[in-house]
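Worksheet: one structure, shown below.
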Amino acid sequence: MSTPDPRIIEVLATAGFPVESFTDEQLGVFGALTEEELALLVDLKAKLDEVEPEVQAHANVAGGALF
C-alpha cells in the first residue's frame, strides 16, 4: 500500500470528509486519487450536502423504502 498524499487528505478533510475515521487502507485509496477523481469526489459531496436535509427526511419515511 502506498503512503497517502497528505495534500489530498487535507482537501478531503476541508471538504468535510471524516478522514480521521478512515482506516489505513481507506487513506491509501483516497490518498492516491488523481486530481480529476479528487475534484469529482469533492463536487459530488458538495452536491449531496446541498440536499442533505431533504435526503435525510426521505430516509426517515419507512426506513428509506421509498428510494
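The values are calculated or read from the model by the stated rules, or taken from the named source; none is laboratory data. Note that the coordinates shown come from a computational prediction; the quantities given were computed from them, not determined experimentally. Counting neighbours? That spans all protein chains shown, and the Cβs are built from the backbone with ideal geometry, glycine included.
Data overview
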| item | result |
| --- | --- |
| Tally of residues being of a type in the set (S, T, N, Q) and modelled with pLDDT under 95 across region 32-61 | 2 |
| Subset tally (residues that are surrounded by fewer than 13 Cβ atoms within 10 Å (Cβ to Cβ) and touching a residue at least 24 places away in the same chain (Cβ under 8 Å)) for region 9-37 | 2 |
| Residue count for region 1-32, restricted to those that are among the polar types (S, T, N, Q) and over 21 Å from A46 (Cα atoms) | 3 |
